[in-house]
1. So LYS70 clears everything in (1) in a helix (DSSP H, G or I); (2) without any contact (Cβ under 8 Å) to a residue 40 or more places away in the chain; (3) of a type in the set (D, E, K, R) except one condition, right? Which one?
2. On the given criteria, is LEU60 modelled with pLDDT under 95, in contact with a helix residue (DSSP H, G or I) (Cβ under 9 Å, 6 or more places away or on another chain) and of a type in the set (A, V, I, L, M, F, W, C)?
3. Determine whether segment 82-96 contains at least one residue that is among the small types (Gly, Ala, Ser), in contact (Cβ under 8 Å) with a residue 60 or more places away in the chain and either in a helix (DSSP H, G or I) or out of contact with any Phe, Trp or Tyr (no Cβ under 9 Å at 6 or more places or on another chain) (or both).
4. Name the residue, out of LEU76, LEU44, LEU54, LEU83, that is among the hydrophobic types (A, V, I, L, M, F, W, C) and either closer than 16 Å to TYR2 by Cα or within 16 Å of the chain's Cα centre (by Cα) (or both).
5. Starting from residues that are assigned to a helix (DSSP H, G or I) and of a type in the set (Phe, Trp, Tyr), keep the ones in segment 1-55 and report whichever is nearest to CYS80 (Cα to Cα).
6. Can you tell me how many residues in segment 45-62 are free of Cβ contacts under 8 Å to residues at least 12 places away in the same chain and surrounded by 12 or more Cβ atoms within 10 Å (Cβ to Cβ)?
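The values are calculated or read from the model by the stated rules, or taken from the named source; none is laboratory data. In this text, all values refer to a predicted model and were calculated from it rather than measured experimentally. Note that each Cβ is placed from the backbone with ideal geometry, even for glycine, and that neighbours are counted across all protein chains shown.
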Amino acid sequence: MYESRTETPIHSRRFVGRLLVHLGVAVGLLTLSLAGGMAGYMALEDLPAIDAFLNASMLLGGMGPVTPPKTEAGKLFAGCYALYAGLVFIVTAALIFTPIVHRVLHQFHWDDED
């Protein structure tokens, strides 16, 4: 997927395309994660869709739930979802920043092989 140290950096248009692919995967992961969180809150806590959206998005954003869980199943779900959301945050950041960091490092080192 990425060029090696001995290859010249890809053209800016291809880099933008690579970045858009990474952003698309990140948005897809966030969308699926939000949908899963909403489904869990709706099924286990009997929250309406808008409240489930608010709680799931707040957990994905690292803020914590707005409506405290009332059932044991809801508490277990919220705890597991919070741990999952922390991992999703790290993975999303890696997906977005990997092509940028690779590009910067590649720009500095691609001509070192003389």
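1. Failing condition for LYS70: (1).
2. It is true that LEU60 is modelled with pLDDT under 95, in contact with a helix residue (DSSP H, G or I) (Cβ under 9 Å, 6 or more places away or on another chain) and of a type in the set (A, V, I, L, M, F, W, C).
3. The answer is no, given that none of the residues of segment 82-96 is among the small types (Gly, Ala, Ser), in contact (Cβ under 8 Å) with a residue 60 or more places away in the chain and either in a helix (DSSP H, G or I) or out of contact with any Phe, Trp or Tyr (no Cβ under 9 Å at 6 or more places or on another chain) (or both).
4. LEU83
5. So the residue we want is TYR41.
6. Residues meeting the conditions: 2.
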